[in-house]
Structure formats: structure tokens, C-alpha cells
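Written out below as C-alpha cells is the structure these notes cover.
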Amino acid sequence: DQQVKQNSPSLSVQEGRISILNCDYTNSMFDYFLWYKKYPAEGPTFLISISSIKDKNEDGRFTVFLNKSAKHLSLHIVPSQPGDSAVYFCAASAWNNNDMRFGAGTRLTVKP
Amino acid sequence: DAGVIQSPRHEVTEMGQEVTLRCKPISGHDYLFWYRQTMMRGLELLIYFNNNVPIDDSGMPEDRFSAKMPNASFSTLKIQPSEPRDSAVYFCASSTKGGGTEAFFGQGTRLTVV
């Protein structure tokens with residue numbers, strides 16, 4: 001049962017433009033959401049997170065938006081840079097369950 | 001801290017052989033997670049431990065898979081016997097608490113079963 005879904009396996013954008021990565025979840029108990037970035041041959045690294053009490057969290061070029069009613073979150077990268085090219089994983093956890101569930105990932109390619 | 005350390009980085013084994021993957025979590029982290037990365041399902045949670053105790057192993061695909069955490073600084077994931085469909089990248093991660101915070105990942109073990 002895939003509780004966290006990333007329906008776009010890949011995304012390609014031009015350098016300087018906005019990248020928008022999307023994530024949907026099915027478990028209404030999820031209250032903490034994270035984005036991880038993964039380069040080839042490396043482990044995922046934490047990028048940004050958001051609690052369910054917020055609808056937006058910003059960190060430099062990265063902003064995560066949460067729409068609880070739609071069970072949807074998105075990661076915006078502005079402006080996109082070639083170094084942002086990686087696989088991005090969306091993850092979620094619930095207050096009453098200590099595990100963390102991940103989506104299948106979206107491969108972002110930023111073209112110079 | 002050196003971060004989460006996994007060994008080996010690569011493992012090639014023949015079908016039917018036993019495989020043991022190792023993980024050293026970050027010191028002071030009470031939670032340890034084992035994930036498997038596949039193309040279709042992304043990062044699948046296999047099992048996680050809290051204070052060395054297995055809490056949820058519902059993600060372990062079959063009885064061929066087992067995991068242990070004999071102490072706070074070491075965990076193993078064993079596959080016996082291994083099969084070609086077990087070929088994947090296996091990640092270990094640790095965190096200070098289970099939910100509400102980020103987990104730190106090791107570099108992974110790429111397992112190939114031929």
C-alpha cells in the first residue's frame with residue numbers, strides 16, 4: 001500500500017526557471033512531511049520539512065507547500081540550478097507512528 | 001560524527017547464498033530504519049528499531065529476511081537464502097526520534113544476486 005505517491009517519475013526544467021515537484025498522500029494521520037534529495041551512489045539527504053500546522057515553509061531557494069484538505073504537498077525550487085539535478089523523495093510520518101514513509105521519487109534534470 | 005556507516009558498499013553474491021548487510025547508526029540516535037530502494041516503489045521501509053528493539057517489521061518481504069540490533073551502535077540485515085529479485089540498494093537510516101524529525105541515511109549497500 002503506497003501511502004505516499006509521487007506520480008511524476010521525472011521532470012526537466014531550464015536553468016533559472018521554477019521546478020515544482022508534487023507529492024500526494026493517503027494517510028490522514030500524517031502530520032510531518034519531508035523532502036529528501038538523492039544524488040547517484042549516495043544516500044538521501046534531508047532538504048526541507050513542514051509540519052501539518054503550517055501550510056508553507058521556506059528555506060532559501062526551496063519552499064514546501066502543504067494542502068491538508070487535498071492531502072497534497074509540493075516542493076518549489078526557484079531559481080533552479082544544474083546542481084539541483086537529483087532524485088527528490090517525498091516522505092511523511094504520523095504522530096502516533098514512528099516510521100517514515102517515502103514516495104517513489106522524482107528525477108529532476110535542470111538543463112543549463 | 002561520521003554519520004551513518006553501512007558496509008559493504010557493494011555486494012555481489014550467488015543465488016542461494018546468505019547475505020549480511022551492516023549498519024552503524026549515528027551515536028545518540030534512538031531509532032534505526034532499514035529501507036530498500038526499488039524503481040517501482042522508491043524507498044520501502046523494511047523494519048525499524050527503537051532503542052534496539054524491533055518495533056515494526058511488517059515491511060520485511062519474506063521470512064528470508066531478518067534484522068537484528070544487538071546494541072545501540074550496530075544493526076544487521078540478513079537475507080538467507082538470497083534470490084535475484086532481492087537485488088536492490090539497501091539503506092540504513094537513524095534519527096533521534098521516529099516521527100517529526102529528519103532521518104540521516106547511510107550511503108547504501110548495492111546488492112546484486114546472480
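Couple of notes before you dig in:
- Counting only strands (runs of 3 or more DSSP E) that fall entirely inside the stretch B:21-114 and contain at least 3 residues that are within 11 Å of chain A (Cβ to nearest Cβ), the qualifying elements are B:31-38, B:42-50, B:88-95.
- Summed over the stretch A:52-81, the residues that are open to solvent by less than 50 Å² (accessible area, probe 1.4 Å), at pLDDT 95 or above and not in a strand (DSSP E or B) give a count of 1.
- Test: residue in the stretch A:87-96 that is of a type in the set (F, W, Y), more than 9 Å from chain B (Cβ to nearest Cβ), in a strand (DSSP E or B) and open to solvent by 10 Å² or more (accessible area, probe 1.4 Å): no
- Whichever residue in the stretch A:63-112 is aromatic (F, W, Y) and under 20 Å from B:A103 (Cα atoms) and, among such residues, is farthest from the chain's Cα centre (by Cα): A:W95
- Scanning the stretch A:6-20 for residues that are open to solvent by less than 70 Å² (accessible area, probe 1.4 Å) and within 13 Å of chain B (Cβ to nearest Cβ) yields A:Q6, A:S8.
- Residues satisfying the stated conditions in the stretch B:64-104, i.e. at pLDDT below 95 and aromatic (F, W, Y): B:F104
- Taking the stretch B:1-43 as the range and being under 14 Å from B:S73 (Cβ atoms), of a type in the set (D, E, K, R) and surrounded by 13 or more Cβ atoms within 10 Å (Cβ to Cβ) as the test, the residues that pass are B:R22, B:K24, B:D30.
- Number of the exception - B:D56 against (1) in contact (Cβ under 8 Å) with a residue 12 or more places away in the chain; (2) open to solvent by 30 Å² or more (accessible area, probe 1.4 Å): (1)
- For the stretch A:30-43, the criterion of being surrounded by fewer than 18 Cβ atoms within 10 Å (Cβ to Cβ), within 27 Å of B:P61 (Cβ to Cβ) and facing chain B (nearest Cβ under 9 Å) is met by at least one residue.
The values are calculated or read from the model by the stated rules, or taken from the named source; none is laboratory data. Predicted model only: the values in this text are computed from it and were never measured. Here the Cβ is made from the backbone with ideal geometry for all residues, glycine too, and neighbour counts use every protein chain on show. Each accessible area value is taken on the protein alone, full model and side chains, heavy atoms only, with ligands, DNA and RNA left out. Shrake-Rupley method; radii C 1.70, N 1.55, O 1.52, S 1.80 Å.
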